[in-house]
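Asker: I am attaching a structure below and will ask some questions about it afterwards.
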Amino acid sequence: MKIPIMKLRGILLTSIPEELTDEDAINFQGDLLHQVNYHESRGVVLDISALEIVDSFMARVINETADMVRLLGAEIMLCGMNPSVAMTLVEMGRELINVKTALNVEQGFEIILALLENEDMEGVS
């Protein structure tokens, strides 16, 4: 399954669908990293609102993807996490370490824009 990745104002926007196989998740991870590199994107907004359940594999993929995006020099914002997913992650001991989160895509996009603008302002001084 090919997951669409859109670019808006230098930020990549994408959404993980509900039914995603382990192979699809790994392919998506590679596609996203390729797009970050290709577009020299400074930010990624990753919407997971369609996920009702996150198992340990998916939690690991999301966490590793966030780490990899940051290693490429981009910020990442995880959006739309369902309360049941948050509870499951904590209960499994699979908290998403150092991953910024937002309630929804709009909020995530605004936050990541502000982060990038702040970085630009710090670089000017």
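Read-outs throughout are calculated quantities, based only on the coordinates presented, and are distinct from any laboratory measurement. For clarity, every value in this text was computed on a predicted model and none was experimentally measured. FYI the Cβ positions are ideal-geometry reconstructions off the backbone, even for glycines, and counts take in every protein chain you see.
Asker: Not counting the cut sites, what is the longest span of the chain without GluC sites (Glu not before Pro) that DSSP labels loop and that have at most 15 other Cβ atoms within 10 Å?
Answerer: Looking at the chain, 53-94 is the longest stretch - no exposed GluC sites (Glu not before Pro) with at most 15 other Cβ atoms within 10 Å.
Asker: Separate question: By how many degrees, 0 to 90 and rounded to 10, does the Cα axis of helix 22-39 deviate from the longest principal axis of the chain?
Answerer: So the helix axis and the longest Cα principal axis differ by about 0 degrees.
Asker: Rounded to the nearest 5, what % of DSSP beta bridges with both residues in region 5-124 are antiparallel? If you can, show how the numbers build up before the last one.
Answerer: On the way: 4 of 17 bridges.
So the antiparallel bridges amount to about 25 percent of the total.
Asker: What angle do you read, to the nearest 10 degrees and between 0 and 90, between the alpha-carbon axis of helix 83-92 and the longest principal axis of the chain?
Answerer: Once rounded, one gets 80 degrees.
Asker: Using a Förster distance of 22 Å, how high is the FRET efficiency between D55 and T101, based on the Cβ-Cβ distance and rounded to 0.05? If you can, show how the numbers build up before the last one.
Answerer: Values: r = 19 Å, r/R0 = 0.85.
Efficiency, from the Cβ-Cβ distance: 0.70.
Asker: Rounded to the nearest 0.05, what FRET efficiency is calculated for Q35 and E119 with R0 set to 25 Å and r the Cβ-Cβ distance? Numbers along the way, then the final one.
Answerer: On the way: r = 20 Å, r/R0 = 0.81.
Efficiency computed from Cβ-Cβ geometry: 0.80.
Asker: To continue, here is another question. Treat every Asp and Glu Cβ in the chain as -1 and every Lys and Arg Cβ as +1, leave all other atoms uncharged, and give the resulting dipole magnitude about the Cα centre to the nearest 20 debye.
Answerer: Result for the chain is approximately 200 debye, rounded to the nearest 20.
Asker: Add -39500 (n - 2.57) for each DSSP H run of 4 or more in the chain, then divide by its residues: what number comes out at 222 nm, to the nearest 500 deg cm²/dmol?
Answerer: Values: 4 runs with 64 residues, N = 125.
Estimated from H runs of four or more residues: -17000 deg cm²/dmol.
Asker: Could I ask something else about it? Are there any trypsin sites (Lys or Arg not before Pro) in region 1-108 that are in a DSSP loop and have at most 14 other Cβ atoms within 10 Å? List them by number.
Answerer: K2, R9
Asker: Given the Cα atoms of the chain, and with Rh set as the inverse mean 1/r over their pairs in the Kirkwood sense, what is Rg to Rh to two decimals?
Answerer: Numbers: Rg = 14.1 Å, Rh = 14.7 Å.
We get a ratio of 0.96 for the chain.
Asker: Let me ask you something else. Return one number: the angle in degrees, 0 to 90 and rounded to the nearest 10, between the long axis of the Cα atoms of helix 56-71 and the longest principal axis of the Cα atoms of the chain.
Answerer: The helix 56-71 is inclined about 10 degrees to the chain.
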